[in-house]
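The values are calculated or read from the model by the stated rules, or taken from the named source; none is laboratory data. Here the structure is a predicted model, which is why all the values come from computation and not from measurement. FYI the Cβ positions are ideal-geometry reconstructions off the backbone, even for glycines, and counts take in every protein chain you see. Surface areas here come from the heavy atoms of the whole protein model, side chains and all, with no ligands, DNA or RNA. Shrake-Rupley method; radii C 1.70, N 1.55, O 1.52, S 1.80 Å.
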Amino acid sequence: KPYRTLRICSAGPAEGKTTISCCIAVAMAQAGKRVLLVDCDLRRPRVHRVFGRTNEAGLTTALLEEGDDKSEPHETEVPNLSVVTSGPLPPNPAELLQSERFRQWLRKMEAKFDHIILDSPPLVAVTDSAILSTIADGTVIVVRAFKTRKELAQYCLRTLHDVSARVAGIVLNAVNLDRDEY
């Protein structure tokens, strides 16, 4: 059974979650699937920059403001790929992502798209990321070569196991094949 909702996370910041999220979303869209990429990092969002969009409306406005058309998914230059940016940063990201309103919004999007990719905050830093693990069908962990500490990666796996998240895989990012050590 393929994952309909896939969450991308990492143990710490700046390990390449947004890059990997975008790459997976583009690859799925190029395979002919209708894909939605959602920026669920409500603390340090990046998806709007990648796709040259403003961040004045998005997920947070969809959840907080009834009938806001600006927060609807926007098509990108990649056929079959749409994005929802994070929107304005809220004071309570974990509460928003844990709300029934977010679950309802996600179900509504699942009816429109074949796959939904959730770009999320680092797992070690905030609880938002663990919350998303309980909602997504699968989680992909991004580990940055020569940066992510082994203990943090193990903590990440343990935390996902503790919330009964399904780990779909691990991406080793930023590998330098010219380095001698491994």
* Only residues in region 18-43 that are touching a residue at least 24 places away in the same chain (Cβ under 8 Å) and of a type outside the set (Asp, Glu) count as the first member; pair them with residues that are part of a strand (DSSP E or B) and open to solvent by 30 Å² or more (accessible area, probe 1.4 Å), Cβ under 6 angstrom, at least 6 apart or cross-chain, and list the lot. => Ile20/Val171
* Output the residue which, of all residues in region 19-55 that are over 24 Å from Val126 (Cβ atoms) and open to solvent by less than 10 Å² (accessible area, probe 1.4 Å), is nearest to the chain's Cα centre (by Cα). => Val35
* Of all residues in region 73-89, which are closer than 30 Å to Ala153 by Cβ and either open to solvent by less than 20 Å² (accessible area, probe 1.4 Å) or in a helix (DSSP H, G or I) (or both)? -> Leu81, Val83, Val84, Thr85, Ser86
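If the requirement is being more than 17 Å from Pro2 (Cα to Cα) and touching a residue at least 12 places away in the same chain (Cβ under 8 Å), which of these qualifies: Val126, Val140, Val167? First the steps, then the outcome.
Numbers: Val140 fails: more than 17 Å from Pro2 (Cα to Cα); Val167 fails: more than 17 Å from Pro2 (Cα to Cα).
Going through Val126, Val140, Val167 in turn, the sole match is Val126.
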* Structure fact -> Condition set without any contact (Cβ under 8 Å) to a residue 60 or more places away in the chain and closer than 23 Å to Pro2 by Cα, scope region 98-112, selection most open to solvent (accessible area, probe 1.4 Å): answer is Arg107
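Quick check on region 90-104. Is at least one of its residues at pLDDT below 95, in a loop (DSSP other than H, G, I, E, B) and aliphatic (A, V, I, L, M)?
Just the residues of region 90-104 that are at pLDDT below 95, to begin with: 90-104.
Adding the requirement that they be in a loop (DSSP other than H, G, I, E, B) leaves 90-92, 99.
If we keep only those that are aliphatic (A, V, I, L, M) too, we end up with none.
There is no residue in region 90-104 that is at pLDDT below 95, in a loop (DSSP other than H, G, I, E, B) and aliphatic (A, V, I, L, M).
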* **Residue check for Thr54: among the polar types (S, T, N, Q) and assigned to a helix (DSSP H, G or I)** => no
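Take the residues in region 26-50 that are in contact with a helix residue (DSSP H, G or I) (Cβ under 8 Å, 6 or more places away or on another chain) and of a type outside the set (A, V, I, L, M), then tell me which one is modelled with the lowest pLDDT. Even if it seems obvious, please write down each step before you answer.
Step one: list which residues in region 26-50 are in contact with a helix residue (DSSP H, G or I) (Cβ under 8 Å, 6 or more places away or on another chain), which gives 35-43, 46-47, 50.
After this cut, where a residue has to be of a type outside the set (A, V, I, L, M) as well, the list is 39-41, 43, 46.
Details: Asp39: 97, Cys40: 95, Asp41: 94, Arg43: 91, Arg46: 95.
Only one residue tops the list, namely Arg43.
Residue by residue through region 69-94, note down the ones that are closer than 22 Å to Val26 by Cα and not hydroxyl-bearing (Ser, Thr, Tyr). If you could, list the steps in order and put the result at the bottom.
Kept after step one, since they are closer than 22 Å to Val26 by Cα, are these residues of region 69-94: 71-87.
Of everything in region 69-94, those that are closer than 22 Å to Val26 by Cα and not hydroxyl-bearing (Ser, Thr, Tyr) turn out to be Glu72, Pro73, His74, Glu75, Glu77, Val78, Pro79, Asn80, Leu81, Val83, Val84, Gly87.
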* Members of region 105-123 found to be in contact with a Pro (Cβ under 9 Å, 6 or more places away or on another chain) and not in a loop (DSSP other than H, G, I, E, B), listed by number -> Met109, His115, Asp119
* To do: Name every residue in region 80-100 that is closer than 10 Å to Arg43 by Cα and not aliphatic (A, V, I, L, M), in order of residue number.
  => Ser86, Pro88, Pro90, Pro91, Asn92, Pro93
* Any chance you could count how many residues in region 124-146 are part of a strand (DSSP E or B) and of a type in the set (D, E, K, R)? => 1
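Quick one: how many residues across region 164-182 are farther than 14 Å from Ile8 by Cα and open to solvent by 50 Å² or more (accessible area, probe 1.4 Å)? It would help to see each step written out before you state the result.
Kept after step one, since they are farther than 14 Å from Ile8 by Cα, are these residues of region 164-182: 164, 174-182.
Next, from what is left, pick out any that are open to solvent by 50 Å² or more (accessible area, probe 1.4 Å): 164, 175-182.
Qualifying residue count, region 164-182: 9.
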